[in-house]
Every structure is written in C-alpha cells, then in structure tokens.
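Undergrad: One structure coming up, written as structure tokens, with questions to follow.
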Amino acid sequence: MAKNNRIGAWAFLIGIVLAVVIGIFQPAGDTFVIALVIIGIIVGLLNIAGKEVQPFLMSGAVLIIATGLGQNVLSSVKYVGPIVNALLILFVPATIIVAIKHVFQLARH
C-alpha cells in the first residue's frame, strides 16, 4: 500500500469516528466541523482514485441527496440525525474534490 493510500485510509477512518463522536456528543464550537472538512478534503485528494472514482461519486451523490431530502425525518431521531449531518460534513468536501479531480482527468484525455 502506498504512503498516500495509508494516509487517506487513516484520514477516512478518523473522519468516520470523529463524525460519530460529534453526532453523539455535539461539542460546542466549529473546531470539529473544520477538522471534518479538512479530513474530507484529504480523503478526496489521497484516498479515491482509479476504479473507485465512479462508485464513490455515485455513493457520495446518493448520500448527499438522500440526506438532504430526508433532513427533517433524520433530525428528529436522537443520535442518527446529528451523526448523519456530521458524516455529510465529511463526505461533501471529499465528493467535490473527487469530482473535480475526475473532471480534470477527463479533460486531459
């Protein structure tokens, strides 16, 4: 496994754990939210490449759309709503970065 893949894999794991912790405990302040955004960018830059791009973009888009449309329902469930919101904070930047990388890759060919 390449060093970038290890960093990306660890960033993804840390991001998921941090999103669950933020969702459960809902700490005050924006520090954790900013950390999730930065981790999402790292995941998008280092962790998703090659054959993973299409499935990641499809899954990311479905996650973002379904969560956005189901926001009212999910927010009423005690821990599920905040955890899903925190996961969105992680996945939105990662999805945007992967999509931009993919567009540049398509433009080069």
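The values are calculated or read from the model by the stated rules, or taken from the named source; none is laboratory data. All figures in this text were calculated on a predicted structure; none of them were measured in a lab. With ideal geometry, Cβ positions are generated from the backbone for all residues, glycine too; neighbour counts draw on all protein chains shown.
Undergrad: Out of the residues in the range 22-31 meeting the condition of being of a type in the set (A, V, I, L, M, F, W, C) and in contact (Cβ under 8 Å) with a residue 40 or more places away in the chain, tell me which one is surrounded by the most Cβ atoms within 10 Å (Cβ to Cβ).
TA: Here the residue is I22.
Undergrad: From the list I42, I34, I24, I14, which residue is part of a helix (DSSP H, G or I) and within 13 Å of L88 (Cα to Cα)?
TA: Numbers: I42 fails: within 13 Å of L88 (Cα to Cα); I24 fails: within 13 Å of L88 (Cα to Cα); I14 fails: within 13 Å of L88 (Cα to Cα).
Selected residue: I34, the only one of I42, I34, I24, I14 that is part of a helix (DSSP H, G or I) and within 13 Å of L88 (Cα to Cα).
Undergrad: Specify which of the listed residues (A2, A9, A49) is loosely packed, with under 12 Cβ neighbours inside 10 Å and either at pLDDT below 90 or in contact with a Cys (Cβ under 7 Å, 6 or more places away or on another chain) (or both). First the steps, then the outcome.
TA: Details: A9 fails: loosely packed, with under 12 Cβ neighbours inside 10 Å; A49 fails: loosely packed, with under 12 Cβ neighbours inside 10 Å.
One residue alone meets the criteria, A2.
Undergrad: Of everything in the range 60-74 that's of a type outside the set (V, I, T) and surrounded by 13 or more Cβ atoms within 10 Å (Cβ to Cβ), which residue is farthest from A19 (Cα to Cα)? Lay out the reasoning, then the answer.
TA: Let us first name the residues in the range 60-74 that are of a type outside the set (V, I, T), namely 60-61, 63, 66, 68-72, 74.
Among the residues that remain, those that are also surrounded by 13 or more Cβ atoms within 10 Å (Cβ to Cβ) are: 60-61, 63, 71, 74.
Details: G60: 16, A61: 18, L63: 15, Q71: 17, L74: 15 Å.
Result: A61.
Undergrad: Filter the range 75-109 down to residues that are of a type in the set (G, A, S) and surrounded by 15 or more Cβ atoms within 10 Å (Cβ to Cβ) and give me whichever is modelled with the lowest pLDDT. Outline the logic, then answer.
TA: Kept after step one, since they are of a type in the set (G, A, S), are these residues of the range 75-109: 75-76, 81, 86, 94, 99, 107.
After this cut, where a residue has to be surrounded by 15 or more Cβ atoms within 10 Å (Cβ to Cβ) as well, the list is 81, 86, 94, 99.
Details: G81: 85, A86: 90, A94: 94, A99: 95.
Going through the qualifying residues, I end up with G81.
Undergrad: Let me ask you something else. If I filter the range 50-79 down to residues being in contact (Cβ under 8 Å) with a residue 40 or more places away in the chain and under 17 Å from F91 (Cα atoms), which single residue comes out as farthest from the chain's Cα centre (by Cα)? Give the steps one after another, and end with the answer.
TA: So in the range 50-79, the residues in contact (Cβ under 8 Å) with a residue 40 or more places away in the chain come out as 53, 56-57, 79.
Next cut, under 17 Å from F91 (Cα atoms) only: 53, 56-57.
Numbers: V53: 14, F56: 10, L57: 11 Å.
Checked the range 50-79; the qualifying residue farthest from the chain's Cα centre (by Cα) is V53.
Undergrad: Can you name every residue in the range 48-105 that is of a type in the set (F, W, Y) and assigned to a helix (DSSP H, G or I)? Lay out the reasoning, then the answer.
TA: Keep residues of the range 48-105 that are of a type in the set (F, W, Y), which gives 56, 79, 91, 104.
Hits for the range 48-105 are F56, F91, F104.
Undergrad: To continue, here is another question. Using the structure shown, decide if I38 is under 13 Å from the mean Cα position of the chain (by Cα) and at pLDDT below 90.
TA: Numbers: under 13 Å from the mean Cα position of the chain (by Cα): yes; at pLDDT below 90: no.
Answer is no for this residue.
Undergrad: Exactly one condition in (1) under 13 Å from the mean Cα position of the chain (by Cα); (2) under 16 Å from I97 (Cα atoms) is not met by L18; state its number.
TA: (2)
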